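A quick write-up on the structure given underneath.
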Amino acid sequence: MAIIRTSIVTGAAGFIGSHIAQAINNKGENVVGYDNLDRGIVGIKNLYDIRHERFSFVGGDIRDFERLRTAIHGGVDVIYHMAALPSHRLALSRPHDYMSVDLEGTYNVLEAARLCNPKPLVVFASSNKVYGKQECPWREDKLPQPEGPYAVAKYSAELLCEMYSKYFGVPTLIIRYHHVAGPRSNPELALSIFVEQALKHEILQVHGKQTSRGFESCSANYTHVDDAVRATLLAVDNYNGFDIYNVANEKTVTVESMARWVIQRLNSKSTIDLVEMLPHETLVHASDVSKIKDRLKFVTENSAEDAYADYTEWRLQ
């Protein structure tokens, strides 16, 4: 009889976490969701959407080591560590919270895994923000140069993952997600903000930079959440030692084009205000995804516009 794998997903009531939990359940595996439900009714609805006989839930904060350790020591094969504070902009006003949740919380997950026998695989949700303002495209072997509290916390957590792998034998895998979008998207993210503003016919602020060619909007590899989840599970199924993968749509699109798409789709009277980006922001986010393509034969199946459409449809339900 085949052994059914058991996983725990931290941040299971969140955006990517809820999709990860749902996808694992759909594979017939057992899933324990772990979340502090700080998003209230939104997180509860995300959990309700999972609804699977092999899904159970534990309420808890990743900063509560004993609570987390108890949940993990129930016997798990994989820890999908998705719990985090998500906004690099909000991090400027709440640096302590981001270091506490995104860094200390990751330490707690790794330490709890270290104390297990056998040790589970820890999959850490990192970000393209760790690359900072370097010239694109970004490869996984490029030394990160994080800007701002959010990126610093993420990269510091990556170093913890590598250390726990090297010195304590905890299998770890780092996924650098690139502007993931789609249903259940976090309200702090640009797409979510634009949709809410457009519904109210408010001005949409697009960040960018004034150059010799005029104003250039920030741009990025907007990646559909379904592609992000599929890449993550593929990397787990093919785990062969500590590794880092960029997960991104290969096409780079501007934030301004996203804003105009939202206005048109919602038939909104909103206008766009072009504003100078914040000091820690990067004008162009574009990564090299050849590693995951070559090793795992992974390619994205959805466009940025697909992600916008699926999120907007979900939001209007």
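Seen from every direction in turn and averaged, the convex hull around the alpha carbons of the range 1-101 projects onto 6.7 nm².
Within the range 253-295, the percentage of alpha carbon pairs spaced more than 12 angstrom apart rounds to 73%. Normalising by residue count, the range 45-185 has a Cα convex hull of 127 Å³ per residue.
In the complete set of protein chains, residue-level accessible area for Ile263 is approximately 30 Å², probe 1.4 angstrom. Across the chain, the relative contact order, built from alpha-carbon pairs under 8 Å that are at least six residues apart, equals 17 percent.
Under 20 Å of direct C-alpha separation, and excluding same-chain neighbours fewer than eight residues apart, Lys200 reaches these lysines: Lys269. Quick check: residue separation of Asn238 and Arg139 times 0.36 nm, minus the Cα distance between them. What number comes out in nm? Result: 33.6 nm gained on full extension.
Among the listed pairs Lys133/Lys166; Lys251/Lys291; Lys251/Lys293; Lys209/Lys251; Lys133/Lys209, those with a Cα-Cα distance over 18 Å are Lys133/Lys166; Lys209/Lys251. Note on Lys119: aspartates and glutamates with a C-alpha under 14 Å away, same-chain residues under 8 apart excluded, are Asp77, Glu111. Against the longest alpha carbon principal axis of the chain, how many degrees, from 0 to 90 and to the nearest 10, is the axis of helix 255-265 turned? Between helix and principal axis, roughly 80 degrees. Heavy-atom accessible surface of Asp102, to the nearest 10 Å², is about 0 Å², with a 1.4 Å probe and all protein chains retained.
Placing dummy labels 7 Å off each Cα toward the beta-carbon, the span from Asp49 to Met277 is 2.9 nm. Anisotropy class assigned to the range 271-317 is oblate, per the alpha carbon gyration tensor with a/c at or over the 1.5 cut-off and a/b no larger than b/c. Working from Cα positions, state the angle (0 to 90°, nearest 10) between the long axis of helix 105-114 and the longest principal axis of the chain. Its long axis makes an angle of about 30 degrees.
Two numbers describe the Cα atoms of the chain: Rg and Dmax, which are 19.0, 66 Å. With all protein chains kept in place, the per residue accessible area of the chain amounts to 45 square angstrom at a probe of 1.4 angstrom.
Expressed as a whole percent, the accessible surface of the chain that belongs to carbon and sulfur atoms is 51, based on a 1.4 Å probe.
For the chain, the mean residue ellipticity at 222 nm estimated from helices alone is -11000 deg cm²/dmol, where every DSSP H run of n ≥ 4 contributes -39500 (n - 2.57) and the total is divided by all residues, rounded to the nearest 500. Where the centroid of each part is defined by its Cα atoms, how far is the range 201-232 from the range 12-68 in Å? Comparing the Cα centres of the range 201-232 and the range 12-68, I get a distance of 28 Å. If one takes the longest principal axis of the Cα atoms in the chain, at what angle in degrees, from 0 to 90 and to the nearest 10, does the Cα axis of helix 15-26 lie? In the chain, helix 15-26 runs at an angle near 50 degrees to the longest axis. Protein-only accessible surface at a 1.4 angstrom probe places the residues Trp261, Trp138 in the order Trp261, Trp138, largest first.
The values are calculated or read from the model by the stated rules, or taken from the named source; none is laboratory data. Keep in mind it's a predicted model, so treat the numbers as computed, not measured. FYI the Cβ positions are ideal-geometry reconstructions off the backbone, even for glycines, and counts take in every protein chain you see. The accessibility values were calculated without ligands, DNA or RNA, using every heavy atom of the protein model including side chains. Shrake-Rupley method; radii C 1.70, N 1.55, O 1.52, S 1.80 Å.
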